[in-house]
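Worksheet for the structure shown next.
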Amino acid sequence: MKCRICGKKPVIYMPHHRLALCKEDFISWFERYTDRTIKEFSMFSPEDRILVAVSGGKDSLALWHVLRKLGYEADGFYLHLGIGGYSERSRNKVESFAKNLGAKVIVVDLREEIADIPQLERLTSREACSVCGLVKRYNFNRVAKEHGYNVVVTGHNLDDEASSLLANVINWNIKYLGRKFPVLEEEEGFVKKAKPFCKFSEKETALYALLNGIDFIEEECPFSEDASSIFYKEILNSIEEKFPGTKMRFYLEYLRKMYPRFREEEERTLQPCKVCGEPSPSEICPVCRLKERIAAKRT
Ligand code: SF4
Ligand code: ZN
């Protein structure tokens, strides 16, 4: 097999694109493809103030790297989740990456805001990832507005998107399906959100990060072992092995054929939370309710 562009030895073969590329051509293809996805979904333009939610992992750091390289003035946001040594090590990765990039990173410590994830898990008896998702979404939006950013971008890749789609289709979670799109416009107290890596597989983002010498945290969050998303990813990977291209088709055909239908059904009424002012489905938002419970426990 040879690189389709220059004929050199390839570093990757992407069956869903029927494309083999060498190191240099893969890097430039990856960057062009990111920009094409940004434009295809009208995610943002160089005039926007972009905040990249970074975890220290390969996807979010690679995304930040690509955006800056493409000329977008993107800053980083790191939410310290208080998950022991894992959070400390990922914070260090983010801070040194920001320094090398010459970019600004905003750090918020969840332990000062409310409580760490292990405590929130115990308090709510919800899966750690579910409460973590809630506080992350809340803080991404709140911090972006507070610092004057109008778009929040995350490093979700095709594997993330296809596996969460599968989980929500299996459970016919219509509410979720009506909001499953790589870009969500600004509305009622929410800034715009975008996922420019939604068409890259995990293997592609990992390779891009490695080839660019990005120093990301390789260890997984200790809670990820119990995460149901891992199980759905494994199922999709075994289907993909037998029928290459399934993952991409499943996701893209959903966006094209099904999303418009579910979107019509998705109706949500939000109001500003009486405590913090963030958009909320009830008088007091779920995060402020969590804060009240934590405060009551401490007194
Ligand atoms: Fe949060 Fe779960 Fe991800 Fe850990 S694995 S960072 S708990 S969502
Ligand atoms: Zn609130």
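Might you let me know whether segment 83-100 holds any residue that is open to solvent by 50 Å² or more (accessible area, probe 1.4 Å), of a type in the set (Asp, Glu) and assigned by TED's automatic domain parsing to the domain that holds Leu252?
So far as segment 83-100 goes, yes, one or more of its residues are open to solvent by 50 Å² or more (accessible area, probe 1.4 Å), of a type in the set (Asp, Glu) and assigned by TED's automatic domain parsing to the domain that holds Leu252.
Phe77 - would you say it is of a type in the set (Phe, Trp, Tyr), modelled with pLDDT of 95 or more and not in a helix (DSSP H, G or I)?
So Phe77 passes the test.
Which condition number does Ile12 fail, the rest of (1) open to solvent by less than 70 Å² (accessible area, probe 1.4 Å); (2) in contact (Cβ under 8 Å) with a residue 40 or more places away in the chain; (3) out of contact with any Asp or Glu (no Cβ under 8 Å at 6 or more places or on another chain) being met?
The number of the failed condition is (3).
When both residues are 6+ apart or on different chains and their Cβ atoms are under 7 Å apart, which pairs have a first residue that lies in segment 87-103 and is within 14 Å of Ile214 (Cβ to Cβ), and a second that is of a type in the set (S, T, N, Q)?
Listed by first residue and then by second, the contacts come to Ser90/Ser55.
Need pairs with beta-carbon distance below 7 Å; first residue open to solvent by 40 Å² or more (accessible area, probe 1.4 Å) and within segment 129-148, second acidic (Asp, Glu) and modelled with pLDDT of 95 or more; sequence gap 6+ or separate chains.
Cβ pairs passing all conditions: Arg142/Glu278.
Looking at segment 212-257, which of the residues that are assigned to a loop (DSSP other than H, G, I, E, B) and open to solvent by less than 40 Å² (accessible area, probe 1.4 Å) is farthest from ligand 2 (Cβ to nearest atom)? Please lay out each step first, then the result.
Start the filter on segment 212-257 by keeping residues that are assigned to a loop (DSSP other than H, G, I, E, B), which leaves 212-221, 227, 243-245.
So of that shortlist, the ones also open to solvent by less than 40 Å² (accessible area, probe 1.4 Å) come out as 214, 216-217, 221, 227, 245.
Details: Ile214: 35, Phe216: 33, Ile217: 30, Cys221: 25, Ala227: 26, Gly245: 43 Å.
Here the residue is Gly245.
Give segment 118-137 a look and list any residue that's under 10 Å from Leu79 (Cβ atoms) and either in a strand (DSSP E or B) or touching a helix residue (DSSP H, G or I) at 6+ places or on another chain (Cβ under 8 Å) (or both), or say none.
Cys132, Val135 - these are the residues of segment 118-137 that are under 10 Å from Leu79 (Cβ atoms) and either in a strand (DSSP E or B) or touching a helix residue (DSSP H, G or I) at 6+ places or on another chain (Cβ under 8 Å) (or both).
Just checking, does segment 40-52 include any residue being assigned to a helix (DSSP H, G or I) and of a type outside the set (Val, Ile, Thr)?
Start the filter on segment 40-52 by keeping residues that are assigned to a helix (DSSP H, G or I), which leaves 40.
Among the residues that remain, those that are also of a type outside the set (Val, Ile, Thr) are: 40.
Yes.
Looking only at residues that are over 14 Å from Ala53 (Cα atoms) and not hydrophobic (A, V, I, L, M, F, W, C) in segment 121-140, which one is farthest from ligand 1 (Cβ to nearest atom)?
Step by step, filter segment 121-140, then rank; the result is Ser125.
What about Ala167, is it surrounded by 19 or more Cβ atoms within 10 Å (Cβ to Cβ), part of a helix (DSSP H, G or I) and more than 13 Å from the chain's Cα centre (by Cα)? Let's see the steps before the verdict.
On the way: surrounded by 19 or more Cβ atoms within 10 Å (Cβ to Cβ): no; part of a helix (DSSP H, G or I): yes; more than 13 Å from the chain's Cα centre (by Cα): yes.
Taking the combined requirement at face value, the residue does not satisfy it.
If you scan segment 2-39, which residues turn out to be assigned to a loop (DSSP other than H, G, I, E, B) and of a type in the set (Lys, Arg)?
Correct list: Lys2, Arg4, Lys8, Lys9, Arg18.
If you scan segment 201-211, which residues turn out to be closer than 23 Å to Ile170 by Cβ and part of a helix (DSSP H, G or I)?
Selection gives Glu202 alone.
The values are calculated or read from the model by the stated rules, or taken from the named source; none is laboratory data. Note that the coordinates shown come from a computational prediction; the quantities given were computed from them, not determined experimentally. Cβ coordinates were reconstructed from backbone atoms using ideal geometry, including for glycine residues, and neighbour counts include every protein chain displayed. When the accessible area is computed, the model is the full protein with side chains, heavy atoms only, and any ligands, DNA or RNA have been set aside. Shrake-Rupley method; radii C 1.70, N 1.55, O 1.52, S 1.80 Å.
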